[in-house]
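Heads up, the thing below is written out as structure tokens.
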Amino acid sequence: MKLTKQKLYELIKEAIYENEQNALGQVQAMVDGNKWLKGTQVNEGDLIPISDKVLLYASEDGMNHIKDRHQDANAPGSLIYPNVNVRELILAIMNTQPTSTGGGMVKWEGISSPSGPIGKMGLAAGTPQEVAGLQDYKMPGGRGEVVKVAPGERKETDEVTLVTSNLGSLKDGRTVLSLVTLYPGGMDVDGVQVPFDRGAFAAAGIYFVLPQGSPILKASQ
């Protein structure tokens, strides 16, 4: 039987599909065994090829959640501009070398966005003594860290930080990374290094700035 170009194309397509279905099952097993992700359903569109060595697990809902979480100016944190395509930004960042790979995490910290300013950073710096006197605020969800907040203006930035976790390796050797978070800004604010743990921000002289009319600030008055 002669192997036509069409038949060859169909065979290649079938092989690719079968390979990705195998990858889907393997990633689902990794997710099921991960205490942070357990109970999550992995769908075909959630697996994003970064290179022939890296596969990213990032659901559309997860990327939308990251963007939605950085839209409220009255909540502590950085703001992502509404027109930013998070998926394209992630792909661009992950095609550069990560800044750190320790503790099961793979990070790109303070990377310059290829599309220019992507949002506004929500942190400011002062002396630890000054920051100690600012208003306390307990962050919702997660570990409920207590941070400091004060009136101020967020600064536009073209820096972005992307954090992923290493879930393991597929049978074909590809490393599987899982999206943890992405936000405008780096790990330096006015020369002060930002701790990874938000609970340590105040001691380092780092606090969150909010608009003067934020309900969070009014709650302390």
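The values are calculated or read from the model by the stated rules, or taken from the named source; none is laboratory data. Since this is a predicted model, take the numbers as computed values, not measurements. Here Cβ is always computed from backbone atoms with ideal geometry, including for glycine, and neighbour counts include all displayed protein chains.
Inside the stretch 181-213, can you point out the residues that are small (Gly, Ala, Ser), under 17 Å from residue 149 (Cβ atoms) and in contact with an Asp or Glu (Cβ under 8 Å, 6 or more places away or on another chain)?
185, 199, 205
Within the stretch 60-112, restricting attention to residues that are in contact with a Phe, Trp or Tyr (Cβ under 9 Å, 6 or more places away or on another chain) and of a type in the set (Val, Ile, Thr), which residue is surrounded by the fewest Cβ atoms within 10 Å (Cβ to Cβ)?
Across the stretch 60-112, the extreme among qualifying residues is 96.
Which residues, counting only those in the stretch 133-142, are surrounded by 14 or more Cβ atoms within 10 Å (Cβ to Cβ) and either outside any strand (DSSP E or B) or in contact with a Ser or Thr (Cβ under 7 Å, 6 or more places away or on another chain) (or both)?
134, 135, 139
I'd like to verify a number: residues in the stretch 143-152 that are surrounded by 14 or more Cβ atoms within 10 Å (Cβ to Cβ) and either farther than 19 Å from residue 210 by Cβ or of a type in the set (Asp, Glu) (or both), how many?
So the answer is 1.
Across the stretch 112-132, which residue is farthest from residue 74 (Cα to Cα) among those that are in contact (Cβ under 8 Å) with a residue 60 or more places away in the chain and part of a strand (DSSP E or B)?
Once the filter is applied, the top-ranked residue is 125.
To keep it simple, each residue is scored yes or no on (1) among the charged types (D, E, K, R); (2) surrounded by fewer than 16 Cβ atoms within 10 Å (Cβ to Cβ); (3) more than 18 Å from the chain's Cα centre (by Cα).
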site: 129; (1), (2), (3): no, yes, yes
site: 154; (1), (2), (3): yes, no, yes
site: 163; (1), (2), (3): no, no, no
site: 172; (1), (2), (3): yes, yes, yes
site: 180; (1), (2), (3): no, no, no
site: 199; (1), (2), (3): no, yes, yes
site: 202; (1), (2), (3): no, no, yes
site: 210; (1), (2), (3): no, no, yes
site: 216; (1), (2), (3): no, yes, yes
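Failed condition for residue 103, given (1) under 17 Å from residue 165 (Cα atoms); (2) modelled with pLDDT of 90 or more, with all others met?
The single condition residue 103 does not satisfy is (2).
Can you pull out every residue in the stretch 143-188 that is in a loop (DSSP other than H, G, I, E, B) and without any contact (Cβ under 8 Å) to a residue 40 or more places away in the chain?
Passing the criteria: only 144.
Would you say residue 39 is at pLDDT 90 or above, on the phi > 0 side of the Ramachandran plot and either assigned to a loop (DSSP other than H, G, I, E, B) or out of contact with any Leu (no Cβ under 6 Å at 6 or more places or on another chain) (or both)?
no
Just a yes or no: is a residue in the stretch 42-61 modelled with pLDDT of 90 or more, farther than 22 Å from residue 157 by Cβ, within 16 Å of the chain's Cα centre (by Cα) and not aliphatic (A, V, I, L, M)?
yes
Taking the stretch 122-160, which residues are in contact with a Gly (Cβ under 6 Å, 6 or more places away or on another chain) and under 18 Å from residue 107 (Cα atoms)?
Selection gives 158, 159.
Looking at residue 10, is it surrounded by 10 or more Cβ atoms within 10 Å (Cβ to Cβ), at pLDDT below 60 and either of a type in the set (S, T, N, Q) or over 20 Å from residue 166 (Cβ atoms) (or both)?
Criteria met by residue 10.
List every residue pair whose Cβ atoms lie under 6 Å apart, where the two residues are 6 or more positions apart in sequence or sit on different chains, the first residue falls within the stretch 59-81 and is small (Gly, Ala, Ser), and the second residue, located anywhere, is in a helix (DSSP H, G or I).
Listed by first residue and then by second, the contacts come to 59/46.
Considering only residues that are modelled with pLDDT under 95 and among the small types (Gly, Ala, Ser), which ones fall in the stretch 170-201?
173, 185, 186, 191, 199, 200
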